[in-house]
1. Looking for something under 18 Å from Glu96 (Cα atoms), surrounded by 15 or more Cβ atoms within 10 Å (Cβ to Cβ) and at pLDDT below 85 - is there at least one such residue anywhere in the range 46-55?
2. Out of the residues in the range 35-57 that are touching a residue at least 40 places away in the same chain (Cβ under 8 Å) and assigned to a loop (DSSP other than H, G, I, E, B), state the one that is farthest from Val72 (Cα to Cα).
3. What pairs come up if the first residue lies in the range 180-207 and is more than 19 Å from Glu159 (Cα to Cα), the second is among the acidic types (Asp, Glu) and part of a loop (DSSP other than H, G, I, E, B), and their beta carbons are under 6 Å apart, counting only those six or more places apart or on different chains?
4. Among the listed residues Leu114, Leu26, which satisfies the condition of being outside any loop (DSSP other than H, G, I, E, B) and farther than 30 Å from Pro204 by Cβ?
5. Would you check which residues across the range 2-26 are of a type in the set (S, T, N, Q), surrounded by fewer than 24 Cβ atoms within 10 Å (Cβ to Cβ) and in contact (Cβ under 8 Å) with a residue 60 or more places away in the chain and list them?
6. Any idea how many residues of the range 263-319 are modelled with pLDDT under 90, of a type in the set (Val, Ile, Thr) and under 17 Å from Gly110 (Cβ atoms)?
7. Do you know which of the residues in the range 157-201 that are in a loop (DSSP other than H, G, I, E, B) and under 26 Å from the mean Cα position of the chain (by Cα) is nearest to Gly116 (Cα to Cα)?
8. Within the range 141-164, take every residue that is touching a Gly at 6+ places or on another chain (Cβ under 8 Å), within 15 Å of Asp223 (Cβ to Cβ) and not aliphatic (A, V, I, L, M) and give me the one that is surrounded by the fewest Cβ atoms within 10 Å (Cβ to Cβ).
Amino acid sequence: MEHYMSVDGGGTKIIALLYNDNLKLLGKGSGGGVNPRFEKRENIENNIEMCIRDCFNGLKAVYINRLYVSMVGSADALRRKLSAYAKVQEVIALNEGEISLPGAIQSRKGVIALSGTGSVVFALDGDACDCSGGWGSLIGDEGSGFYIGRKGIAAVVKEYEGCGPETLITKLIYDKYKVRFLREIIPIVYNSASPQATIASICPLVTKAAASGDNIAINIMNDAGIQMGMQVEALVKKNEAIKENGVTIAGGAWKGSRLMFESFCGYLTSEIPDIKIKMPLFEPVVGGVVIERLRTQDFIDSKQICRMMEEYSDYTYKTQWEEKANEIGKKVF
């Protein structure tokens, strides 16, 4: 029996899955963010250790035939921590798109729009890969959780300064951070271990305000969807054939807002009428499981997908608006 491992680490969390060649899940673990732009080295090391320890949970001297790993920054710390639990024969490094797309649509061909703490769009065709975005929060990350959070807090500041309209986001920020005066938010953001992650954590507040009908928040969410759509459009125009297998999404920023997804779909279907938009089936970390299976077969059949749905039920891609997603799906998928 051969053993494999899939690890996906980003700005918010790291997840590890240990599985065998019968698709059986043997172990799972998770920890906090591992992006060196957002987290201190000590925090990253601790988060990786927690994730690996939980994944092996009593298992010892495991031989891993292949390790699939996608991490922002270096994976050296992961290899060091892993060496205490297992011997790894082969390490296959993947970018975010290479692990996310197979998890989402069980194929290595298509387009995937990732919006988490940051944002990037990948177009893949087997080993060929192109991308749009991924420039980081200082010069890019349009449509990301950071982008949404920053626009949200900027709107609050404008209201406070008297140069912008009222927004429900203000009350939500006051409640979240237990502040009496807005300027108290300055040290909370700038003195935090990860100012970018702190700003990105405001994204759910913008989502909540939008769901309550706040026009400022609604405009922010609509804009985020359009920004992601523009990045997809740029890639598809460079390679029209890549759209044949459809476009899908990944990342936490999509999960709270149907408005963002609707504006994304609306923009793309207006600019590229024949485009197919699919909801993802699994979280990115399951991409390693799919890739391993695709080494020996051309596609994942429905029976295998049903088996994976049972085995990896904790890692199916879930949104807070699934019923609405199904309604949209009837129109655009």
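1. Applying the first criterion (under 18 Å from Glu96 (Cα atoms)) to the range 46-55 yields 48.
Pick out the ones that are also surrounded by 15 or more Cβ atoms within 10 Å (Cβ to Cβ) and you get 48.
Within this subset, residues satisfying the condition of being at pLDDT below 85 are none.
There is no residue in the range 46-55 that is under 18 Å from Glu96 (Cα atoms), surrounded by 15 or more Cβ atoms within 10 Å (Cβ to Cβ) and at pLDDT below 85.
2. This residue is Lys40.
3. Ser194/Glu39
4. Of Leu114, Leu26, the one residue that is outside any loop (DSSP other than H, G, I, E, B) and farther than 30 Å from Pro204 by Cβ is Leu26.
5. Thr12, the sole residue that qualifies.
6. Of the residues in the range 263-319, 1 are modelled with pLDDT under 90, of a type in the set (Val, Ile, Thr) and under 17 Å from Gly110 (Cβ atoms).
7. In the first step, residues of the range 157-201 are kept if they are in a loop (DSSP other than H, G, I, E, B); the result is 162-167, 178-181, 191-194, 201.
Imposing the further condition that a residue be under 26 Å from the mean Cα position of the chain (by Cα) reduces the set to 191-194, 201.
Details: Asn191: 22, Ser192: 19, Ala193: 18, Ser194: 15, Ser201: 10 Å.
Once the filter is applied, the top-ranked residue is Ser201.
8. Here the residue is Glu142.
The values are calculated or read from the model by the stated rules, or taken from the named source; none is laboratory data. Quantities reported herein were computed from a predicted structural model and do not represent experimental measurements. Please note: Cβ atoms are built from the backbone with ideal geometry, for glycine as well, and neighbour counts cover all protein chains shown.
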